[in-house]
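Nothing in this text is a laboratory measurement; each read-out follows from the coordinates by a stated rule. Computed from a predicted structure; not experimentally measured. Using ideal geometry, Cβ is built from the backbone for each residue, glycine included, and neighbour counts are taken over all protein chains shown.
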Amino acid sequence: SRYFTIHSHPKGLPTRDVFSLESRTLPALEAGEVRVRNRWLSVDPYMRGRMDGVTTYVEPFTLGQPLEGAAIGEVLESRDERFSPGDLVAHMGGWRDVAQLPGSGLQALPDLEVPPQAFLGVLGMPGMTAWTGLNRIAQLKEGERVLVSAASGAVGSLAVQLAKAKGCHVVGIAGAPEKLEWLESLGVRAVSYRDKDARQLGADLHDASPEGVDVYYENVGGICLEAALDNIRVGARIAVCGLIDGYNAETPSPGPSNLSRLLIRRARMEGFIVTDAQNWEHYPTFLKDVGPLVAQGKLDYKETVEDGLERTPDAFLKLFEGGNTGKMLVRL
Ligand code: NDP
């Protein structure tokens with residue numbers, strides 16, 4: 001099996017040479033174990049936090065051991081009676097070509113007419129995150145005004161469409177012109193944050209939603225949060241999903257100078273982790289809600305694909321440069 005590992009904890013934005021491609025011979029299967037040939041690997045922003053060697057809400061990666069992440073593959077060999085060769089499964093043995101793990105760590109793919117890799121993106125953890133943040137954390141209501149940062153990414157692009165489907169007025173923040181165009185094609189007012197300070201971005205958000213926003217779906221932090229705070233309405237809710245702007249910061253950046261807006265507007269800002277039991281138990285409801293829309297082509301989703309295990313670190317690092325639209329994936 002070939003796999004990626006790291007031998008030291010990166011400082012700041014990781015460089016490509018932090019990642020080392022290694023190989024090892026897998027032992028024969030023990031009772032209950034399954035061997036899987038991976039077809040699709042997920043790279044996700046949260047993986048950066050796992051490289052720091054400290055426990056947050058997940059354990060850090062172990063130096064020298066294979067990195068982990070969501071993956072979809074085909075069962076090669078099984079000593080768990082629930083799985084047979086040829087089955088497609090989802091599991092956390094990513095960053096490698098062949099994974100060997102206990103059958104308890106595998107999930108059969110839900111029965112929906114969608115490509116299998118959709119369960120790493122729009123119908124997997126990122127999709128579930130968008131749905132949870134909007135509906136359960138922000139408690140979005142029909143017709144409200146919504147703002148989403150990193151709006152063309154895996155989470156953001158579903159969040160904007162779910163909000164549109166609820167009849168909301170939706171503004172999305174993104175980087176590149178093609179991303180803004182895609183968002184506009186989905187009926188979203190798209191605003192770029194590039195080369196702007198918080199004040200300028202705030203003014204542009206005001207133009208895009210002159211009456212302000214009831215819900216801010218936060219994926220970025222930094223100037224996006226500061227600009228968003230200038231535009232919140234009374235009773236606004238901010239779902240703090242991610243703060244990617246700070247993931248590679250070597251020193252903490254100062255908080256928004258206008259945090260007092262939360263108070264003035266009697267708004268609520270709440271963090272959440274999608275995989276906590278009280279959120280994840282609603283995954284079947286999410287699939288029932290969103291699965292048919294994806295299968296019928298009523299929801300648009302994009303994938304940015306890198307080919308070959310060797311490209312996994314490059315795919316991961318692109319997340320921090322905006323090198324992806326929609327879900328970032330590696331195809332083996
Ligand atoms: P994306 O597909 O959105 O990829 C990351 C995107 O973030 C990039 O394409 C880029 O788009 C944007 N970005 C990167 N750096 C910056 C920056 N400094 N300023 C502004 N935008 C930036 O990733 P995901 O959809 O997987 O994740 C989105 C967010 O959701 C992340 O913060 C992640 O940590 C969080 N998350 C939280 C979960 C939870 O349980 N709370 C679960 C899953 C994800 P652009 O070109 O627009 O800059």
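Using the Cα centre as the reference, give the magnitude of the dipole from point charges on the C-beta atoms of the chain (Lys, Arg: +1; Asp, Glu: -1; all else neutral), rounded to the nearest 20 debye. Before the final figure, lay out each step's value.
Values: 35 positive and 43 negative charges, 120 e Å.
For the chain, the charge dipole is close to 580 debye.
Arrange the peptides 12-21, 181-190 so that the one whose residues have, on average, the most other Cβ atoms within 10 Å appears first.
Numbers: 12-21: 13.6, 181-190: 17.7.
Ranking, from highest mean packing down: 181-190, 12-21.
Could you compute the net charge surrounding LEU329? Neighbours are other residues with a C-beta less than 9 Å from the C-beta of LEU329; K and R count +1, D and E count -1. Walk me through the intermediate numbers first.
Values: positive: LYS327, ARG331; negative: GLU303, GLU306.
Residues close to LEU329 contribute a combined charge of 0.
Once the Cβ-Cβ distance between PHE320 and SER20 is put in as r, and R0 is 22 Å, what FRET efficiency do you end up with, to the nearest 0.05?
Once rounded, the FRET efficiency stands at 0.65.
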Practice problem: Taking the Cβ of GLU142 as the centre, find all other residues whose Cβ is under 14 Å away and add up their charges (Lys, Arg: +1; Asp, Glu: -1). | Solution: +2
Self-check item: Total formal charge among the other residues, if their Cβ is under 12 angstrom from that of LEU180, Lys/Arg +1 and Asp/Glu -1
Solution: -1
Exercise. Set the Förster distance to 45 Å, then compute FRET efficiency between GLN200 and ARG79 from the Cβ-Cβ distance, nearest 0.05.
Key: 0.15
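Report the extension gain between ASN248 and GLN107 in nm, rounded to one decimal, defined as 0.36 nm multiplied by the number of residues separating them, less their alpha carbon distance.
Working: separation 141, 0.36 × 141 = 50.76 nm, distance 3.21 nm.
Between ASN248 and GLN107, full extension yields an extra 47.6 nm.
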Practice problem: Would you please report the Å³ per residue occupied by the convex hull of the alpha carbon atoms in region 125-271? | Solution: 103
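To one decimal place, what Kirkwood hydrodynamic radius in Å is obtained for the chain from all pairs of distinct Cα atoms?
Details: mean 1/r = 0.0486 Å⁻¹.
Mean inverse Cα-Cα distance, inverted, gives 20.6 Å.
Provide the gained length on full extension for the span GLU281 to ARG261, in nm with one decimal, where the gain is 0.36 nm per separating residue minus the Cα-Cα distance. Before the final figure, lay out each step's value.
Numbers: separation 20, 0.36 × 20 = 7.20 nm, distance 3.35 nm.
Net length gain for the segment: 3.8 nm.
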Quiz item: Do you know the Lys pair count in the chain for C-alpha distances under 16 Å, with sequence separation 8 or more or different chains?
Solution: 11
